[in-house]
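Student: Starting off with a structure, shown below.
The values are calculated or read from the model by the stated rules, or taken from the named source; none is laboratory data. In this text the structure is predicted, and so the values were computed from the model without any measurement. Reconstructed Cβ throughout: ideal geometry from the backbone, glycine too, with neighbour counts over all protein chains shown.
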Amino acid sequence: MIVVRSRWLLPIADRPMLNGWVAIDRGRIAAAGRAGASLPMRDDAPLVDLGAYAVLPALVNAHVHLELSWLRGLVPRAERFTDWVPAMLQQRMTGAPGEDAVAAAVAAAIAQMRASGTGLVGEISNSLVTVDPLRRSTLEGVVFHEVVRLAADEADDVLDMALRAQEAQGVTGRFPVSLAPHAPYSVSPRLFQGLRAAQARTPFLPSSVHLAESPEEVELLDTGEGPWRQLLERLGAWDPAWTPPACSPVRYLEQMRVLGPSLLAVHAVQCTDEDLGVLRARGTTVVTCPRSNRYVGVGDPPAARFYRSGVAVAVGTDSLASNDDLNVFAELAALRHLAPAVPAATLLESATLVGARALGLETTAGTIEPGKPARLIAVALPPEVVDVEEYLVSGVTPDRVHWVEDLIADCGFADRA
Ligand SMILES: [Zn+2]
């Protein structure tokens, strides 16, 4: 056992503790407490005093597409989502590098996430090429196998293929593969129903959907017209038999009984207060990706309204096709800018416990509590920092982020019995 002490300990489940400590025993948290609280463990346990660091649980990136990492910098920022999407698809179709280059970009992205303090990931994948690299990494999380097809007569075949791929990859252990409908405008009602029935067989797995991202999505669902329809027609993905539900994206999924506590509703930029009330009532978690929203031209998410509505809010970076990096601390800074009145502690909870809960991993991650794995990071604090929580949502850069296990090893200790 080893006791680690630092200027600040942020258990997330409790207020920050000045000169707090955490006892780690064979990779698990044995105890944690405030300065002065007697250490409830063996007297001879070595004490590592980190000094001017803030120790907190590893961050959770609840929405990323690692398989798109090779697209970093290749798809320009856009004014409208219906301009960004075709540019991205064009790049994917004509500019894709070989398998090795894709794999190298995935590996670099995983390393980048680790270096910026991310421990848990909700990965969206079409090809499932990221499953093996994630299972080999130190990260934990879920791979959402994304299912896309608006043509109703192809729903059964598409679902069948997805189920076979899921079975081949497995639904247990590290990075189980779950099924995830892409979005209301790209999945037929029949496919939504099929997915719902399939997911009922794996109730322990979360699912995910891109929801209410762009104004064009809202227009399409309301009227069946607009730039999204034109784009789907151009892509050959439009189904003339599809009937617009003439309501908001959230109402549409509510009507189809897709919403529930195991669903991650990604983006929600266009949600009204009424929509947010529906998501809250269903226990659905909103995953906000403010930097990606800006990048693809859908506007800023109504972050202050998210929190005011009482809906659970997790944080994601989205992919490197629509973001400069995968640093969740940078995403928190964007969120802080959009919701200046929300307590920093609440934003930190979004990037830890709420994200872990959304991924179904709250019993093993998201807080510093006895029994959980010691998946902890330590952020080097500049001397002038007074409000540690505010500092942690101000845009911490990776050079300040360390893993507690690495710092312990650097001190010449090994965490052994
Ligand atoms: Zn996405």
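Student: Before we move on, is GLY141 in contact with a helix residue (DSSP H, G or I) (Cβ under 8 Å, 6 or more places away or on another chain), in a helix (DSSP H, G or I) and surrounded by 15 or more Cβ atoms within 10 Å (Cβ to Cβ)?
Tutor: Values: in contact with a helix residue (DSSP H, G or I) (Cβ under 8 Å, 6 or more places away or on another chain): yes; in a helix (DSSP H, G or I): no; surrounded by 15 or more Cβ atoms within 10 Å (Cβ to Cβ): yes.
No.
Student: Continuing with this model, one more query. Name the pairs: first residue in region 48-65 and farther than 22 Å from VAL385 by Cα and in a loop (DSSP other than H, G, I, E, B), second residue aliphatic (A, V, I, L, M) and within 16 Å of the ligand (Cβ to nearest atom), Cβ to Cβ under 7 Å, at least 6 apart or on different chains?
Tutor: HIS65/ILE124
Student: Which condition breaks for ALA35 when tested against (1) surrounded by 19 or more Cβ atoms within 10 Å (Cβ to Cβ); (2) out of contact with any helix residue (DSSP H, G or I) (no Cβ under 7 Å at 6 or more places or on another chain); (3) not assigned by TED's automatic domain parsing to the domain that holds PHE329?
Tutor: Single failed check for ALA35: (1).
Student: While we're looking at this one, here's another question. Are any residues in region 249-270 away from the ligand (no atom under 16 Å from the Cβ) and closer than 24 Å to TYR295 by Cβ, and if so, which ones?
Tutor: The one that is away from the ligand (no atom under 16 Å from the Cβ) and closer than 24 Å to TYR295 by Cβ: VAL250.
Student: Just checking, does region 305-326 include any residue being closer than 14 Å to GLN112 by Cα, surrounded by fewer than 24 Cβ atoms within 10 Å (Cβ to Cβ) and not polar (S, T, N, Q)?
Tutor: So far as region 305-326 goes, yes, one or more of its residues are closer than 14 Å to GLN112 by Cα, surrounded by fewer than 24 Cβ atoms within 10 Å (Cβ to Cβ) and not polar (S, T, N, Q).
Student: When the residues of region 277-302 are filtered to those that are surrounded by fewer than 24 Cβ atoms within 10 Å (Cβ to Cβ) and over 16 Å from PRO215 (Cα atoms), which remaining residue is nearest to the chain's Cα centre (by Cα)?
Tutor: The extreme case among them is ARG291.
Residues are listed down the side, and each one gets a yes or a no for (1) touching a Leu at 6+ places or on another chain (Cβ under 9 Å); (2) under 30 Å from VAL143 (Cβ atoms); (3) in the same structural domain as VAL48 (by TED's automatic domain parsing):
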{"position": "VAL342", "(1), (2), (3)": "yes, no, no"}
{"position": "ALA345", "(1), (2), (3)": "yes, no, no"}
{"position": "THR352", "(1), (2), (3)": "yes, yes, no"}
{"position": "PRO373", "(1), (2), (3)": "no, yes, yes"}
{"position": "ALA378", "(1), (2), (3)": "yes, yes, yes"}
{"position": "VAL388", "(1), (2), (3)": "yes, no, yes"}
{"position": "VAL396", "(1), (2), (3)": "yes, yes, yes"}
{"position": "ASP399", "(1), (2), (3)": "no, yes, yes"}
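Student: Out of the residues in region 345-363 that are among the hydrophobic types (A, V, I, L, M, F, W, C) and in a loop (DSSP other than H, G, I, E, B), which is surrounded by the fewest Cβ atoms within 10 Å (Cβ to Cβ)? Reasoning before the result, please.
Tutor: In the first step, residues of region 345-363 are kept if they are among the hydrophobic types (A, V, I, L, M, F, W, C); the result is 345, 347-348, 351, 353-354, 356, 358-359, 361.
Okay, now just the ones that are also in a loop (DSSP other than H, G, I, E, B), so 359, 361.
Working: LEU359: 28, LEU361: 20.
It comes out as LEU361.
Student: If you take the residues of region 186-233 that are within 14 Å of the ligand (Cβ to nearest atom) and in a loop (DSSP other than H, G, I, E, B), which of them is surrounded by the most Cβ atoms within 10 Å (Cβ to Cβ)?
Tutor: Here the residue is ALA212.
Student: Another one. Consider only pairs whose beta carbons are under 7 Å apart and that are at least six residues apart or on different chains; among these, list those whose first residue lies in region 319-340 and is assigned by TED's automatic domain parsing to the domain that holds ALA351 and whose second residue is of a type in the set (Lys, Arg) and not in a helix (DSSP H, G or I).
Tutor: Hits for this filter: LEU320/ARG72.
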